[in-house]
Amino acid sequence: MRKDSHSIETFAAWALALLWLLPLAYSFWSAFHPSEYATRFDITAPLTLDNFAKAWRQAPFARYYLNTVMLVSLVLAGQLVIATLAAYAFARFRFVGREVLFGLVLVQLMIMPDVLIVENYRVISALNLLDTIPAIALPYMASAFGIFLLRQTFKSVPNELVEAARVEGASSFGVLWRVFVPLGKTTYIAFGLVSVSYHWNNFLWPLIVTNSVESRPLTVGLAVFGAPETGVDWSVITAATVMTMAPLLLAFLLFQRQFVQSFMRAGIR
Amino acid sequence: MVAAVMSATEPKAARRRNWAVSVNAWLLLLPAIVLLATFTHYPILATLYHSFFSLGRSGPAEFIGLDNYRYMLDDDVFWQVLRNNFIFALATVPTSIALALLMAVWVDKKIVGRSFLRLAFFTPTVLPMIAVANIWLFFYTPDYGLLDQFLKSLGFSGHNWLGDPSTVMTCLAVMVVWKEAGFFMIFYLAALQSIPPELKEAASVEGASRWYFFRRVTFPLLMPTTLFISINALINSFKLVDQLVIMTKGGPNNASSLLLYYIYEVAFNFWDTTYAATLTVTLISILAAVALTKFVYLDRRIHYQ
């Protein structure tokens, strides 16, 4: 009786898991087979890379890749530096206005740049940055979430380590660089993975502020490429879709545990 | 006399030191403050400010008080997208939570292929919404799409899933549940792993059934996690609109449009930025209300009980 209920559960869990993988499996099927097999499932269907070659020829995906990589690196580098400095100040300095400032930082956790598209567009336009990669990155550069995570990490650094570094003659920056940053490694990795996935996948804001091949990230490029009015073949669109998600998917498969733990830390805050 | 001089100089030195510390701290915070002020605080205030002005397409923008808000309250589309948003939240939040809990309970046990199951459930989380929308769009394509092909093989006729106001929301909700459930699963999994195993042993000694144990022990212990996930899912349902751009453009006839998507349309298709600001004020108020509930209810009551 008990054993039966266990095997039923195992069966149900597997059925759900296979169902869950179906959309992804299907996109791979369609991307790697000639278009006449898009909805015909025949195990003997020939494999092909034609769809990828066609997508690559029909739209400047190389440039989109480059744009996304530049965007993601710019955002991450900016976020890490800015959040490290701010978190250090919040965690280790007592100064006038600390609580108020921290409260102002937390406002961004509640009202994210994603919903302030109308006014942020005005700001970016006033700065004369429309249709550039920095325009996509700037609203996200000061990450309240990053500041919050790093502040918590820095607060748990034992005082003895700080004192020891001071005795050795380290300056404020020296202490930050040699004590706090190395001890924050796991937080940096968690924050970095979440940030990269978020900005690799982000769509609405880049769609609004970009308008040319030179600044469009992959997600926007894919949307432009796959729009129904372009009449591109379905199999070619799935190939482009697979290309868009492949780097993150691959990274996830390689570093599963890191990803899951990072997303969890990010969610819990 | 000497003592008096010393006590007068000491606070001065201390004050100077404090001042130096403050300056240091403010300098460290400067980049963050400038960017947050430019892209979060100023836009919030500017949104509110612009919502009181006319667009000024012919001539300068004029202060018109609450006219934009009056217009909003008379705007049928506004009410429809707001209703859609709440229906969408009601459809996706409980479903993805229930599924997430089920998944977490399964992969928490010693089950055959546990790591494969975890992988399968979590993978949709790391995919771009825009790629997901592309894949699912093809599922729902009339006649040629996978869903119709499957139904046809069972003898049903084709259906325009995304073109029919009565099915479009369900189709989008199914896709979002698929994308989000695995993400919520990991929070339940972490919570399940923190439940002391002695509880389970004690319950099995008492002869309690698994279902009874789940209902009376596990589920109540997971309550903070459930509330936490509900609020996050609720916020997401107001933020996630990427799929609409690809799949329906809010159609047919605004049947699938959500508040943020409507803001996007009003601002960047109709270029009515002051009305878009008015709509944004509504969205910000909703998000602030949710965040305050979270703060009061979750952070205070649940964690410290």
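No value in this document is a laboratory result; all are computed from the given coordinates. The model shown is predicted, which means the values in this text are computed figures rather than measured ones. For neighbour counting, all protein chains shown are included, and Cβ atoms are generated from backbone atoms with ideal geometry for every residue, glycine included.
Say R0 is 51 Å: what FRET efficiency, to the nearest 0.05, do A:Leu130 and B:Lys12 get from their beta-carbon distance?
0.45
Determine, for B:Val217, A:Val179, the number of other Cβ atoms within 10 Å of each Cβ, and report the residues in order from fewest to most.
B:Val217, A:Val179
Specify whether the C-alpha gyration tensor of chain A places it in the rounded, prolate or oblate class, a ≥ b ≥ c being the square roots of the eigenvalues: rounded for a/c under 1.5, otherwise prolate if a/b is larger than b/c and oblate if not.
Oblate is the answer for chain A, as a/c is 1.5 or above yet b/c matches or exceeds a/b.
Do any chymotrypsin sites (Phe, Trp or Tyr not before Pro) in the stretch B:243-289 lie in a loop, going by DSSP, with at most 16 other beta-carbon atoms within 10 Å of their beta carbon, and if so which?
B:Phe270, B:Trp271
Mind sorting B:Ser115, B:Ser58, A:Ser235, A:Ser125 by how few other Cβ atoms lie within 10 Å of their own Cβ, fewest first?
In increasing order of surrounding Cβ atoms, one gets B:Ser58, B:Ser115, A:Ser125, A:Ser235.
Semi-axes of the equivalent ellipsoid of the stretch B:34-162: what are they in whole Å, largest first, if each equals the square root of 5 times a C-alpha gyration tensor eigenvalue?
That gives 44, 25, 15 Å for the three semi-axes.
Cut-off under 28 Å on the C-alpha distance; same-chain residues fewer than 8 positions from B:Lys109 excluded. Which lysines are left, in chain and number order?
List returned: A:Lys3, B:Lys179, B:Lys200.
Setting aside same-chain residues fewer than 8 positions from B:Lys239, which aspartates and glutamates have a Cα under 12 Å from its Cα?
A:Asp114
Answer rounded, prolate or oblate for the stretch A:1-146, using the Cα gyration tensor with square roots of eigenvalues a ≥ b ≥ c: rounded when a/c is under 1.5, else prolate when a/b is larger than b/c, else oblate.
oblate
Quantify how strongly other chains surround peptide A:254-265 by giving the mean number of their Cβ atoms within 10 Å of each of its Cβ atoms. Spell out each step's value before the answer.
Working: counts 0, 0, 6, 1, 0, 4, 11, 2, 0, 7, 5, 1.
Shielding by partners across A:254-265 averages 3.
Taking trypsin sites (Lys or Arg not before Pro) as exposed when DSSP calls them loop (any state but H, G, I, E, B) and at most 13 other Cβ atoms lie within 10 Å, what is the longest stretch of chain B free of them, the sites themselves excluded?
On the way: sites that count: B:Arg57, B:Lys109, B:Lys110.
Looking at chain B, B:111-305 is the longest stretch - no exposed trypsin sites (Lys or Arg not before Pro) with at most 13 other Cβ atoms within 10 Å.
In which sequence would A:Leu130, B:Leu119 go, from the one with the fewest C-beta neighbours within 10 Å to the one with the most? Walk me through the numbers on the way to the answer.
On the way: A:Leu130 15, B:Leu119 19.
Sorted ascending by nearby Cβ count, the order is A:Leu130, B:Leu119.
Loop only by DSSP, 10 or fewer other Cβ within 10 Å of the Cβ. Give me the GluC sites (Glu not before Pro) in the stretch B:161-249 that pass, ordered by residue number. List each step's numbers first, then the result.
Numbers: sites: B:Glu180, B:Glu198, B:Glu201, B:Glu206; in loops: B:Glu206.
Hits after loop and neighbour filter: B:Glu206.
Please grab the % of Cα pairs in the stretch B:191-265 that end up more than 15 Å from each other.
Tail of the P(r) past 15 Å holds 67 percent of the pairs.
So, R0 is 45 Å and r is the distance between the beta-carbons of B:Val23 and A:Leu19; what FRET efficiency does that work out to, to 0.05?
Numbers: r = 59 Å, r/R0 = 1.32.
Efficiency, from the Cβ-Cβ distance: 0.15.
Give the relative contact order (percent, whole number) for the stretch A:106-261; include only Cα pairs under 8 Å separated by 6+ residues.
Value for the stretch A:106-261: 26 percent.
Taking only the alpha-carbon positions of the protein assembly as shown and ignoring solvent, what does the Debye formula give for the base-10 log of I(q)/I(0) at q = 0.11 Å⁻¹?
-1.15
Quick one: what does P(r) look like for chain B with 20 Å bins over all Cα pairs, in whole %?
With a bin width of 20 Å, the distribution comes to 23, 44, 25, 7, 1, 0.
So which aspartates and glutamates pass the test for A:Lys155, namely a Cα distance under 18 Å, with those fewer than 8 places away in the same chain ruled out?
Excluding near neighbours in sequence, the set is A:Glu99, A:Glu163.
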